[in-house]
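The values are calculated or read from the model by the stated rules, or taken from the named source; none is laboratory data. These numbers were taken from a predicted model, which means no experiment stands behind them. Every residue, glycine among them, receives a Cβ derived from its backbone with ideal geometry; neighbour counts consider all protein chains shown. For the accessible areas, the whole protein counts, side chains as well, though only heavy atoms, and no ligand, DNA or RNA atoms are used. Shrake-Rupley method; radii C 1.70, N 1.55, O 1.52, S 1.80 Å.
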Amino acid sequence: MGKIIALANQKGGVGKTTTTINLAASLAALEKKVLVVDADPQANSSSGFGIDVKNIKSSIYESLIGDVAPSEAILNSEMDNLDIFPSCIDLVGAEVEMLNIERREYLLRNMLYPLKQKYDYILIDCSPSLGLITVNALTAADSVMIPFQCEYFALEGISKLLNTIKIIKSKLNPSLEIEGFLITMYDARLRVANQYYEEIKRLFQDLVFTTVIQRNVKLIEAAGSGKPALLYEADSKGSINHMQLAKELIDKDLKRK
């Protein structure tokens, strides 16, 4: 049985999509069967794997709102063991369309649960909001990974996300756990970054991943080329960091078993 991990943070620009793409690629390279679920209308996870989102026949939108089976929308990536459940701009209107659907918070969960038999990891790239799609993602997930930068406003917004997780855990998904806090875009040369890193470790202790994703231009270049960093430049710092993260995640899961 596979594991569903939602990557969530209502603050934009903290590295959710970059982490999703590169963690998925690293897990696949380590011979884990992985599905990336793009739950963001911007569809950056989809385009980050080279998918032309304007020309796909079906997406997560048609599966949530229509009668398209996930198997009809899921696409293969250029990597073995890695598939993509793409998004599109139509997902913007999905939250309004979902309002009149019974048990609307469980739509994504019902859709993804059967896929846990096929994949070792299902990574959901959430939009930078705490709307109904993100609520669906957290309700579907076994755990939530929280990427964020070492800066004041990122830390300030964490309390809202933690409160949302607490509400979902109490009302919709009792088994939801925090997978961990992931420091992204870290620049050790900046004193303020080091200060907030120490503060984050003090606040969340063992929940902070040992792996830190350092600021690296190759991650940006790779995204622009429609490839994960592992395929763009495997020996780049960004690629190596995400491989370390994948190994840490796998090790944590083995210790839990």
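Of the solvent-accessible surface of region 1-117, computed with a 1.4 Å probe and all protein chains present, 45% belongs to carbon and sulfur. If you find the alpha carbon centre of region 52-69 and of region 95-136, how far apart are they in angstrom? If you average the Cα positions of each part, the centres end up 14 Å apart. Normalised by the number of residues in region 1-48, the mean separation of alpha-carbon contacts (under 8 Å, six or more apart) gives a relative contact order of 29 percent. Beta bridges assigned by DSSP with both partners in the chain are antiparallel in approximately 5 percent of cases. Placing pseudo-labels 7 Å out from each Cα toward the beta carbon at K257 and R202 gives an inter-label distance of 3.8 nm. Does region 193-257 come out rounded, prolate or oblate by the C-alpha gyration tensor, with a ≥ b ≥ c the root eigenvalues, rounded set by a/c under 1.5 and, if not, prolate when a/b is larger than b/c and oblate if not? Verdict is oblate for region 193-257. Identify which of the listed values of mean projected area of the Cα convex hull in nm² was calculated from the structure shown: (1) 12.8; (2) 19.0; (3) 14.2. After the calculation, the listed value that fits is (1).
Restricting to DSSP H runs of at least four residues, report the calculated mean residue ellipticity at 222 nm for the chain, -39500 (n - 2.57) per run over all residues, nearest 500 deg cm²/dmol. That calculation yields -13000 deg cm²/dmol at 222 nm.
F204 sits with roughly 40 Å² accessible to a 1.4 Å probe, with DNA, RNA and ligands left out of the calculation. For the pair I89 and K57, label points projected 7 Å from Cα toward Cβ lie 2.3 nm apart. When V34, V68 are compared by accessible area of protein heavy atoms, the largest-first order is V68, V34, using a 1.4 Å probe.
Ligands, DNA and RNA are left out, and with a 1.4 angstrom probe the accessible area of region 163-227 is 59 Å² per residue. Accessible surface for region 41-90, divided over its residues, is 50 Å² per residue with a 1.4 Å probe. Accessible area per residue was computed with a 1.4 Å probe on protein heavy atoms; C126 scores about 0 Å². Summing charges over neighbours of L138, with a neighbour being any other residue whose Cβ is under 10 Å away from its Cβ, gives +1 when K and R count +1 and D and E count -1.
Overall, the chain carries a charge dipole of about 740 debye about its Cα centre when +1 sits on the Cβ of Lys and Arg and -1 on the Cβ of Asp and Glu, all other atoms neutral.
Note on K218: lysines with a C-alpha under 17 Å away, same-chain residues under 8 apart excluded, are K16, K227, K237. Estimated from the Cβ-Cβ distance and a Förster radius of 35 angstrom, the FRET efficiency linking E97 and T210 is about 0.25.
Normalising the average separation of contacting C-alpha pairs (under 8 angstrom, six or more residues apart) by the number of residues puts the relative contact order of region 1-148 at 44 percent.
Sort region 108-257 into rounded, prolate or oblate with this rule: let a ≥ b ≥ c be the square roots of the eigenvalues of the Cα gyration tensor; rounded if a/c is under 1.5, and if a/c is not under 1.5, prolate when a/b is larger than b/c, oblate otherwise. It is oblate, given that a/c is not under 1.5 and a/b is not larger than b/c.
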